[in-house]
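Report on the structure given below.
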Amino acid sequence: MASKVIHAIYTDDDVLMQAVKDTRKAHYHIGEVYTPFPVHGLDKAMGLAPTRLAITSFMYGVVGLAVSIVMMNYIMIEDWPQDIGGKPSFSYIQNMPAFVPVMFELTVFFAAHLMVITFYLRSKLWPFKQAENPDVRTTDDHFLMEIDVENHSIEELSKFLQDTGAVEVNLVDKQE
Amino acid sequence: MYTLPNKLKLFAIIFMVVGALGMVVGLMNAPGSKEEVKEMLANQEAHHGESSVHAEEVHHDEEHVYHLYHQLQNRPWSAIYVAAFFFFMIALGTLAFYAIQHASQAGWSPVLFRVMEGITGYLLPGSIIMFLLLALSVFGVNHIFHWMDPELVNPESDKYDYLVAGKAAWLNTPGFLIRAAIYLTGWNLYRYFSRKYTLKQDEEGGTHWFKKNFKISAVFLVFFIVTESMMSWDWIMGFDPHWFSTLFGWYVLAGMLVSAITVIAMVAVFLKSQGYLEYVNNSHIHDLAKFMFGFSIFWTYLWFSQFMLIWYANIPEEVTYFVSRIEDYNLLFFGMVALNFVFPLLLLMNSDFKRVNWLVIGTGVLILAGHYIDVYVMVMPGTVGASWFIGIPEIGAMLFFFGLFTYIVFSSLTKAPLLAKGSPFLEESKHFHY
């Protein structure tokens, strides 16, 4: 289905932030904003739901911790106990301090890597993926706000966007 | 301007009076002679119904009585020392944190400067008390520093201690007092001038005093990191004169900073709840809570680094430190690790929780309790050994110094406006937003 959207292009992040706030106040629907760098506070201004990435990260960390405990128990206690530095591996709890660095590292490893992978999946990023940004200038020094036209008057909307400080306002047919 | 509420004043004075009573009772109850200790032991045995004493145990008993006598004599003094040091260390840690704000030209914190200056108001009284306590030990009023016994470094004596004698170049009483005087003078001089400069800056504006403050803060931080480390060897590691740890200074510093930042957050939340500090918003509290979280993890990292290396190497002269703590102080020793690590980790991990005032205060109480116990477990095994107990002397000392600290901190908050209006970064701080 093809829908009409308007691309408003800005050259300054502060102007963009104000424009996003004004656009939302005027009850236009912002589809997406493309920026060359993360703009602090933009997610809140756009009214996006808070990210749940931190929660997944915590859960991955717990998984990593569990994996490290089970792994070290299998390697060092059950399968092949070794006497290192006069500390025979008879029981897990007695040798636990030696395993803490492993527990720490695997917690961090799982939390970090799985969080990044989740982020890629959630943002639909994978190798050979076609770039979604509609204007290459958004990878350099321009900011682009995409507004759904819906049943608003195009002239009024363009006028409004120009007033918010857009340097360019284009009407685009968007292929879904 | 902040005025000291009468209720708070009364509250602090009640704590001081009750605490002072507890300390006096503790000092009076310490056994005055070995005979008293023997009597006490006999009474205990009578209670247990073990009347038969074997002949060969008598000599052992003599030694036991001798040790127990000294330990029980040390107990009220150690309790006072722990409390005095803990509250002194909060003021000192706040001073270091404050100096970091100036030296790094931080933009978020100027609205909290006067809170920090209020807390460092305790530095001078705390320093005087610490110096008096150290001087009392040096002049033999109490014997909590075992190495100060001159017999230990006398090769003729049968108590001659080869290891302590080898450290006599550092561990000697004149040097000990001179060093303490140098540390305390340096820290108090910085506190005095920095406070003076920020007040001048409020009057005159501009950046002249700001620049001066920047310079002395940078110099102070260099002086502080060296002297703080030496202070931790002198004032705490000295309780176990045979033992040494190369990261001890860092360990004490981490505990000091986390306690200090916790107190800054608590005082800020308290003043805010009374309707002061209009420019402090929940982003400032969020930042302080992040520091509480971060330094709690840092403290645990150092605790574990110290523990694991010594545990793994298992060298007798090093490992005794942990053996005595794990055998005689098991619950306190591991309990405080849980208080200082697990609770801050889980309670302050969530970003939103760091802006909830009551959660920050609640976690703060746990952190302060944990670090109080940490200081207790650092000091007590070297002074009272296994005869520790948390009773009237310990609680009394804690209450007294808590009351004194509260009283001095809040009365020094009344001495200047609560907003450091001359700071060039004030606007940034007012609009600080996470």
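Relative to the longest principal axis of the Cα atoms of chain A, the long axis of helix A:92-122 makes an angle of roughly 20 degrees. Using the Stokes-Einstein relation with a Kirkwood hydrodynamic radius computed over Cα pairs, the translational diffusion coefficient of segment A:53-122 at 20 °C and a viscosity of 1.002 mPa s comes to 165 µm²/s. When chain A is treated as a Gaussian network with alpha carbon springs shorter than 10 Å, the biggest mean-square fluctuation among A:LYS159, A:LYS87, A:LYS124 belongs to A:LYS87. For B:LYS354, the aspartates and glutamates whose Cα comes closer than 16 Å to its Cα, not counting residues fewer than 8 places off in the same chain, are B:ASP287. Taking amide H positions as modeled 1.01 Å from N, with prolines and chain starts lacking one, the residues under 5 Å from A:GLU32 and 5 or more places away or on another chain are A:GLU146. If R0 equals 25 Å, the separation of the Cβ atoms of A:VAL102 and A:PHE58 corresponds to a calculated FRET efficiency of about 0.80. Largest GNM mean-square fluctuation across A:MET76, A:MET115, A:MET103, computed for chain A with C-alpha springs under 10 Å, falls on A:MET76. Summarising the label geometry, the points placed 7 Å from Cα in the beta-carbon direction at B:THR414 and B:ASN6 lie 1.2 nm from one another. Distance from the Cα centroid of segment B:268-282 to that of segment A:1-59 is 33 Å (rounded to whole angstrom). Checking the cross-link filter: which aspartates and glutamates have an alpha carbon closer than 18 Å to that of B:LYS290, excluding same-chain neighbours under 8 positions apart? Leaving aside aspartates and glutamates fewer than 8 places away in the same chain, those within reach of B:LYS290 are B:ASP352. In a DSSP loop and with at most 15 other Cβ atoms within 10 Å, the chymotrypsin sites (Phe, Trp or Tyr not before Pro) in segment B:138-242 are B:PHE139, B:TYR160, B:TRP170. A cut-off of 5 Å between modelled amide H atoms, ignoring neighbours fewer than 5 places along the same chain, links A:GLU168 with A:ILE9. Charge dipole of the protein assembly as shown (Cα centre as origin; +1 on each Lys and Arg Cβ, -1 on each Asp and Glu Cβ, all else neutral): 2020 debye, rounded to the nearest 20.
Residues in segment B:415-427 carry Karplus couplings, in order, of 7, 8, x, 6, 10, 7, 6, x, 5, x, 9, 4, 4 Hz; the curve used is 6.51 cos²θ - 1.76 cosθ + 1.60 with θ = phi - 60°, and Gly or Pro positions show x.
For the protein assembly as shown, the residue among B:PHE405, B:THR3, B:VAL164 whose Cα projects farthest onto the positive side of the dipole built from Cβ charges is B:THR3. Among the chymotrypsin sites (Phe, Trp or Tyr not before Pro) in segment A:75-176, those located in a DSSP loop and surrounded by at most 15 other Cβ atoms within 10 Å of their own Cβ are A:PHE90, A:PHE128. In this Cβ point-charge picture (+1 for Lys and Arg, -1 for Asp and Glu), segment B:282-434 has a dipole of about 600 debye about its Cα centre. Among B:VAL379, B:VAL222, B:VAL356, which one moves the most in a GNM of chain B with springs linking Cα atoms closer than 10 Å? Comparing B:VAL379, B:VAL222, B:VAL356 in the GNM, the peak value goes to B:VAL222.
Modelled spin labels at B:LEU136 and A:VAL172, positioned 7 Å past Cα toward Cβ, are 7.7 nm from each other.
The angle between the Cα long axis of helix B:208-235 and the main principal axis of chain B comes to about 10°, on a 0 to 90 degree scale.
Only lysines eight or more places from B:LYS215 in sequence, or on another chain, were considered; those with a Cα closer than 26 Å are B:LYS196, B:LYS200, B:LYS415, B:LYS421, B:LYS430. For a test of the definition: using alpha carbon positions, the gyration tensor, and the 1.5 limit on a/c, classify the protein assembly as shown as rounded, prolate or oblate. Here the protein assembly as shown falls in the prolate category.
Considering the zone a paramagnetic label at A:LYS21 would reach in this model (a point 7 Å from Cα along the Cα-to-Cβ line), which residues of segment A:133-158 have amide N under 18 Å from it? So the set is A:145. A crude spin-label estimate for the pair B:GLU36 and A:TYR74, with each label 7 Å from Cα along the Cβ direction, gives 6.3 nm.
Read-outs throughout are calculated quantities, based only on the coordinates presented, and are distinct from any laboratory measurement. Please read all numbers here as calculations on a predicted model, not as lab measurements. All Cβ positions, glycine included, derive from the backbone under ideal geometry; neighbour counts span all protein chains shown.
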